[in-house]
Amino acid sequence: MKNALLEELRARGILYQLTDEALASEMNRGPITLYCGFDPTSDSLHVGSLLPLVTLRRFQQAGHRPIVVLGGATGLIGDPSFKAQERALQTEEQVEHNLRGIRKVAERFLDFNQGRNSAIIVNNRDFYSDLNVLTFLREVGKHFTINHMVQKDSVRSRMEDRDHGISYTEFSYMLLQAYDFYRLHLELGCSLQIGASDQWGNITAGTDLIRRKLAHTEESKREEGRAHAYGLTHPLITRPDGMKFGKTESGAVWLSPEKTSPYQLYQFFIGSPDSVVGTWLRFLTFLPIQEIETLESLTTSEPEKKAAQIALAREITRMVHGESALARAEAATRALFGTEIQSLDLQTLSEIFSDTPATTLAPERLEAGLSLIDLLAETGLFQSKGAARKEIPAGGVYLNNERITDVGYVVTPRNLISNRALVLRKGKKNYHLVRFEA
């Protein structure tokens, strides 16, 4: 039997592994409850978390009830899955701070006021408040054999690393995630866990625990044509070089505006290589597949227009930050190479040029006027005044994206953007932001 949502996931390449094809029948009978967990290793989620968040949203829009599990407990342990080294343990205060940040992100993707299929946020720390280590070992540990656990790829890869190995702390993570699924199944009727492909071992540990702990109950469900619990994974969304997006990788792109601005998020997806943009459109947007295929064709026939990249950037920025933030990001993008830059506010200007060289000068420097040649040399955009004097008549110098050809040009307060800054440019891409602050 087929299910429309599962077929949609297959068509988009999102459905990577499924523990039991009976899930289709289960979903056709009526709404199910599913969950995905996020460990609080930072106070935000990053673009690598977009796929599970968007997948939860797809399920909710199809009438199912999503649960976001925040790893208040598992975050204190650390998931070893395909990590080369053990994670640094966090304090409880760090975990609580991070949980608050992740909650804010999750609430932008899911509807928590939608009646019977309203999203739920659960902190798995609550599952362990009444549990001591002896009880946990008796109730959970006895259902797992070491032989079985070391066969999981995420564990085996670490055990084969003689330099780092795996501690018992991280080795036990699988049991904790399995117990999360068991408690959610028992208390909230959760029958599906989703996650990235590197979570397959942890997810199947949960389905196994539910089957063993509730053998009699689950057998009766089987007789009714219903399975005990299911696991579904999606592919890891990776960088063009195949590396996993993550918080510990350099250049992380975050979903919180305080860490990555809407403009920066928009620009990140505008820069998507042609080789991945079609996949990312399927994974991360709700655009129809036929429309995505049209965009892919345009990528081949008119790559300079970047139609697919623009569509991707628009859809994701809108979903993550809202319509007004998208409008500001697009305005900033248009202004980057045009004189519209003079109409931007200081915050947006700082976001655009956050990664470019900057100089801060006293406001009094402009009162009597400041020679453009002196400014170009002082900021280091040119190595000398002589080099600047040569380039200006040649048309290679811009002030606030307006070409200046007068070697005697004097910068005054009238040139300031938002009364605080101006932008110098040499050639097409060499920018320098100058702030005037006391």
(message) If the requirement is being aliphatic (A, V, I, L, M) and assigned to a loop (DSSP other than H, G, I, E, B), which of these qualifies: Ala368, Ala308, Ala325, Ala332?
(response) Ala368
(request) Would you check if Gln199 is of a type outside the set (Val, Ile, Thr), modelled with pLDDT of 90 or more and surrounded by 19 or more Cβ atoms within 10 Å (Cβ to Cβ)? (result) yes
(request) Looking at (1) at negative phi; (2) in contact (Cβ under 8 Å) with a residue 12 or more places away in the chain, find the lone condition where Asn401 falls short. (result) (1)
(request) Could you pull out the residue among Ala377, Ala394, Ala368 that is over 30 Å from Lys306 (Cα atoms) and modelled with pLDDT under 90? (result) Ala368
(message) Would you confirm whether or not the range 245-252 contains a residue that is over 19 Å from Thr55 (Cα atoms), modelled with pLDDT of 90 or more and out of contact with any His (no Cβ under 7 Å at 6 or more places or on another chain)?
(response) no
(message) Can you find, within the range 316-332, the residue that is farthest from Glu378 (Cα to Cα) among those that are buried (at least 18 other Cβ atoms within 10 Å of the Cβ) and of a type outside the set (Gly, Ala, Ser)?
(response) Met319
(request) Search the range 130-171 for residues being at pLDDT 80 or above and part of a loop (DSSP other than H, G, I, E, B), and hand back the single one that is surrounded by the most Cβ atoms within 10 Å (Cβ to Cβ). (result) Val140
(request) For the range 257-292, enumerate the residues that are of a type in the set (Gly, Ala, Ser) and more than 16 Å from the chain's Cα centre (by Cα). (result) Ser275, Gly278
(message) I'm trying to understand the selection: among the residues of the range 106-119, which are modelled with pLDDT of 95 or more and either surrounded by 18 or more Cβ atoms within 10 Å (Cβ to Cβ) or of a type in the set (A, V, I, L, M) (or both)?
(response) Phe109, Leu110, Ala119
(request) Check every one of the helices (runs of 4 or more DSSP H) wholly within the range 1-65 and list those with 3 or more residues that are more than 27 Å from Asn124 (Cβ to Cβ) and of a type in the set (D, E, K, R). (result) 4-12
(message) Looking at the structure I just gave you, is Trp280 buried (at least 20 other Cβ atoms within 10 Å of the Cβ), out of contact with any Lys or Arg (no Cβ under 7 Å at 6 or more places or on another chain), modelled with pLDDT of 90 or more and under 24 Å from Glu8 (Cβ atoms)?
(response) yes
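The values are calculated or read from the model by the stated rules, or taken from the named source; none is laboratory data. Fair warning: this is a prediction, and the values are worked out from it, not measured in the lab. Cβ atoms come from the backbone with ideal geometry, glycine included; neighbour counts cover every protein chain shown.
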